[in-house]
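Notes to accompany the following structure.
The values are calculated or read from the model by the stated rules, or taken from the named source; none is laboratory data. Only a predicted model underlies this, so the values are computations on that prediction, with no experimental measurement involved. Methodologically, a virtual Cβ is constructed for each residue, glycine included, from the backbone with ideal geometry; neighbour enumeration extends over all protein chains shown. Accessible surface is based on the protein model in full, side chains and every heavy atom, while ligands, DNA and RNA are left aside. Shrake-Rupley method; radii C 1.70, N 1.55, O 1.52, S 1.80 Å.
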Amino acid sequence: MTAAPTTPETVQLPPAPAGFRAAVRRMRHHPLGLAGGGLLLLVVAFCYLGPLFWKTNQTDVNLLDAALPPGPGHPLGTDTNGFDVLGRLMEGGQVSLQIGLLAALFATTFGTVYGAVAGLAGGVVDGFLMRLVDVLLSVPFLFFVLILSARFHANAWTLALVIGAFSWLISARLVRGEVLTLRVREYVLAARVMGASRRRIIFAHLIPNAMGVIIVNVTFQVADAVLVVAALGFLGFGLSYPTTDWGSQLASGVTYISADYWWLIYPVGGFIVLTVLALNLLADALRDAVGRKAD
Amino acid sequence: MAWYVAKRLVVSVLVLLGISAVVFFLLHLVSDSPGRVVLGQRASPEAVADFNHEHGFDRPVVVQYFSYLGQLLQGDLGRSYKLNQDVGTLLQQNAGRSAMLSLAGLVLALLVAVPLGILQAVKRNSVVDRAATGLAYVLYATPAFLLGLVLIAVFSQQLDLFPAEASQSHSPWVVFTDPRSMALPVITIAVTSIAIFSQYQRSSALDQLGQDYIRVARAKGLPERLVLTRHLLRNACLPLITLVGTMIPLLLAGNLIVESLFNYSGLGLLFLNSLHREDYPVLLAYTLIGGVLTVVGNFIADIAVAMADRRIELAS
């Protein structure tokens, strides 16, 4: 953009949407949401701080120690490559959480801009953009992600991109709906009358005010992405060795299910459920906290 | 009603065209040329080019798309070069088994979730309600493959009640002929849906319970059982109809995982094997069919809802 000399750059919008603090206050009185948030913090701390305290060798295969049941030295046993399962859980968790968060950020960023453009443009453009969303929503999501990740050997970044590329649709719909109600508010009209560009209206007015909806959506998206990553890993189209994630770990547990190596299934399964549950509880609470603002 | 159906039909056809275009172009983008696939990695570039020219794969992709559409309209889904078989035949061989599996799972889910949701709404905030909601949250967060694994570990390995593998017969009716071997796959498919359906059913039943017609029914002395079955049930099920329509992609994905976990040969397993073989004609056809089923499911759901609630038709 060329500089507009008459626009005073010092004018600051309030940093957070009005009612944000009220939403935080409501959050505090939401026990399930707090539990979800706390649980999530615990999982994150386990994955990222855990390796500082529980140092294990996760690089060298050690077949002499393969598939040991839980016991001294290995509280959760070892997997079939001889890696300590507890340490493996932390390492795989980092990867799963990273991909989940990245995919959700990709999806939400793109979906937000897409939805805001569609909602603000209206008319034919809006109709076309949203029919495209309808079409893509009708295509079985997992199929596409599977085809792409089977074709291009996945690393954490490409996997996040692929998942993100097919999960922005719901965000786009939500943000469009929000923008449709916001765009007729006085402050948007005022900005338009003062000659603000469409870009400025989207980024300075519409998106900050739709932030509540967006944040809730990110939280749900992370949960979904964690599940998709796990499903891909389970089906054998996830990350390739030596990188590991929770889904791949579960897949190796399946191979030995008849050998009754339960410690390869329940701990990692528990972590997947716990993480997704925590994220869903948190998202539900956030939705309540943000949603009640409207009444 | 006819007008409403016609309008929805036109929209559905447009969405179908869109799906076919998106799926076709995306797969075209990621797949090797058919000549390379058929002749193998060691074939000379000339031979590959010759094959592609002979079969029309060197034409512009838009032209190829329209000729594929033309084939589709004649019922020709293409040919799997890897298996040297008609894709349509391949899908047909497996479709019945997958459909029966999904259907059995769906029916089981509805049979459990609808009464459960209504019970939860009637006894809201009771211990039963809270326990069911809590369980639904946990099950919703449990991916199907994990649930299936736990079921296998407990009911097959520990208790030895059900086999760990689904029936290997080729009949689509194994759900009825061999229920013992199909119990775990069907339950796995049903449980995730139960978690979703029951929560929907609960909130929709709660909405309806506050309505005047329920109070009237109660006030005129109708037994509670009749209030629930005759008045509440029909109205409280409406949102569920729409939900089932939109859940079809999820059901298909669920099939993919359950069929792979229990080694049940159906469309999902065919898709996964084709993925390993890089058999793109099969992948293309099945993804398309998934899209078609979704659109048809949404269409039927819309019509069913409109038929159950005539106000929708009047409003549009």
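Suppose the filter is over 30 Å from A:H153 (Cβ atoms) and in contact (Cβ under 8 Å) with a residue 24 or more places away in the chain; does B:G56 pass it?
no
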Some residue of the range B:158-171 being part of a helix (DSSP H, G or I), at pLDDT below 85 and surrounded by fewer than 21 Cβ atoms within 10 Å (Cβ to Cβ): yes
Residues that are of a type in the set (F, W, Y) and within 21 Å of A:L136 (Cα to Cα), drawn from the range B:239-290: B:F271, B:Y280, B:Y286
Condition check for B:T192: of a type in the set (V, I, T) and surrounded by fewer than 16 Cβ atoms within 10 Å (Cβ to Cβ): no
Residue in the range B:30-37 that is open to solvent by 50 Å² or more (accessible area, probe 1.4 Å), assigned to a helix (DSSP H, G or I) and either over 24 Å from B:S80 (Cβ atoms) or touching a Lys or Arg at 6+ places or on another chain (Cβ under 6 Å) (or both) present: no
Criterion (within 11 Å of chain B (Cβ to nearest Cβ), assigned to a helix (DSSP H, G or I) and open to solvent by 30 Å² or more (accessible area, probe 1.4 Å)) met by exactly one of A:L161, A:L136, A:L232: A:L136
Helices (runs of 4 or more DSSP H) lying entirely in the range B:200-271 (those with 3 or more residues that are of a type in the set (A, V, I, L, M, F, W, C) and open to solvent by 20 Å² or more (accessible area, probe 1.4 Å)): B:238-246, B:248-262
Subset of the range B:1-16 that is in contact (Cβ under 8 Å) with a residue 24 or more places away in the chain and not β-branched (V, I, T) - its residue that is farthest from the other protein chains (Cβ to nearest Cβ): B:M1
Filter result for the condition that a residue is open to solvent by less than 20 Å² (accessible area, probe 1.4 Å), part of a helix (DSSP H, G or I) and either free of Cβ contacts under 8 Å to residues at least 40 places away in the same chain or more than 12 Å from every other protein chain (Cβ to nearest Cβ) (or both), over A:I215, A:I201, A:I207, A:I272: A:I201
Tally, over the range A:62-93, of residues that are in contact with a helix residue (DSSP H, G or I) (Cβ under 8 Å, 6 or more places away or on another chain), surrounded by fewer than 18 Cβ atoms within 10 Å (Cβ to Cβ) and touching a residue at least 12 places away in the same chain (Cβ under 8 Å): 5
Some residue of the range B:302-309 being assigned to a helix (DSSP H, G or I), within 29 Å of B:S102 (Cβ to Cβ) and either modelled with pLDDT of 85 or more or among the charged types (D, E, K, R) (or both): yes
Odd one out for A:G195, checked against (1) at pLDDT 80 or above; (2) open to solvent by 20 Å² or more (accessible area, probe 1.4 Å); (3) within 13 Å of another protein chain (Cβ to nearest Cβ): (3)
Leading residue by the ranking (most open to solvent (accessible area, probe 1.4 Å)) among those in the range A:97-133 that are within 21 Å of B:L17 (Cβ to Cβ), among the hydrophobic types (A, V, I, L, M, F, W, C) and more than 14 Å from every other protein chain (Cβ to nearest Cβ): A:V124
Filter result (more than 7 Å from chain B (Cβ to nearest Cβ) and open to solvent by 30 Å² or more (accessible area, probe 1.4 Å)) within the range A:139-155: A:F152, A:H153, A:N155
Subset of the range A:235-266 (residues that are more than 11 Å from chain B (Cβ to nearest Cβ), surrounded by 21 or more Cβ atoms within 10 Å (Cβ to Cβ) and either under 12 Å from B:P143 (Cβ atoms) or out of contact with any Gly (no Cβ under 6 Å at 6 or more places or on another chain) (or both)): A:L239
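Closer than 19 Å to B:P249 by Cβ and either open to solvent by less than 50 Å² (accessible area, probe 1.4 Å) or of a type outside the set (S, T, Y) (or both) - does that describe any residue in the range B:82-94?
Kept after step one, since they are closer than 19 Å to B:P249 by Cβ, are these residues of the range B:82-94: B:91, B:94.
Subset that is either open to solvent by less than 50 Å² (accessible area, probe 1.4 Å) or of a type outside the set (S, T, Y) (or both): B:91, B:94.
Yes, because at least one residue in the range B:82-94 is closer than 19 Å to B:P249 by Cβ and either open to solvent by less than 50 Å² (accessible area, probe 1.4 Å) or of a type outside the set (S, T, Y) (or both).
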